[in-house]
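Here's the structure, in structure tokens; my notes come after.
Please treat every number below as a calculation from the coordinates, not as lab data. Please read these numbers as outputs of a predicted model, since none were measured by experiment. When we count neighbours, we look across all protein chains shown, and the Cβ atoms used for this are built from the backbone with ideal geometry, even at glycine.
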Amino acid sequence: MIESSARDLIDEIFTNEFRRDGFIKFTNKLLYSASFHSVTMDGDDIPKIFQEHIHSLECLASYKDSNNKEIDLLIVKLLKDTALDRARTTQRNFIAQYLEAASKNAALVAFVSPDASHWRFSLIKVEAKIIGIEVEKTLTPAKRWSFLVGKNEGCHTVKSQLIDILLDNTRAPSLDELEQAFDIETVSKEFFDK
């Protein structure tokens, strides 16, 4: 993909309200070798503790990176507009439970609220920490791994962070590369240093 096409694609997806077909088009280019399929979880399939916040979860694709880390691509529809901004911990915990049950390492997630003109594009990862002979799983902070995008939201940061991955259409990105792309703290530090 040439750079101008990649920039146009990012603009098209991240400066508008969420559109499933556009999101699939973008992620198909971003994830290159992902196996696209669609499986939806809703209603009673959603664990009870999340049912007042989550309407549905759709798994669009799965792939393994070069380090055999398994990553799913998800769309999570929320029940309330306010949930997009206020319930990030709940959303992260919901995805963590999903990752645990599916035995996956991470997920790229579009969190979408009804009637909202913006949406959240997040990377959520479960890490294993070895403590003695026990393995403990912990989550990366959701705040560090999220872009607020959509109509009336700028996409400069998303564009600058994802463009290189999008341009490399020879392989899917590694989980480490995705983490670097979503690491807004580094971008902010770099900006203030300049």
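Grab the Cα-Cα distance for ASP44 and THR89, subtract it from 0.36 nm times how many residues apart they are, and report the gain in nm with one decimal.
Additional length available on full extension: 14.1 nm.
Please give me the summed charge of the neighbours of VAL76: other residues whose Cβ is under 10 Å from its Cβ, Lys and Arg +1, Asp and Glu -1.
Here the charged neighbours net out to +1.
Would you please state the base-10 log of I(q)/I(0) at q = 0.12, 0.14, 0.20 1/Å for segment 1-107, with intensities from the Debye formula using one equal scatterer on every alpha carbon?
Normalising to I(0) and taking log10 leaves -0.47, -0.64, -1.17.
Filter the cross-link list LYS48/LYS69; LYS64/LYS125; LYS69/LYS125; LYS25/LYS159; LYS125/LYS159; LYS77/LYS151 down to pairs whose alpha-carbon distance in this structure exceeds 19 Å.
LYS48/LYS69; LYS125/LYS159
Between SER117 and SER5, what length comes free when the chain is fully extended (0.36 nm per residue of separation minus the Cα-Cα distance, one decimal in nm)?
Computed gain between SER117 and SER5 is 37.9 nm.
Could you sort 44-51, 67-74, 154-161 so that the peptide with the highest average Cβ count within 10 Å comes first and the rest follow in order?
The densest-packed peptide leads the list: 67-74, 154-161, 44-51.
Just to confirm a number: summing +1 for Lys and Arg and -1 for Asp and Glu over residues other than PHE50 whose beta-carbon lies under 14 angstrom from that of PHE50, what do you get?
For residues surrounding PHE50, the net value is 0.
Using a simple spin-label model with points 7 Å from Cα along the Cα→Cβ vector, what separation in nm is obtained for GLU12 and ILE184?
About 2.6 nm separates the two model spin labels.
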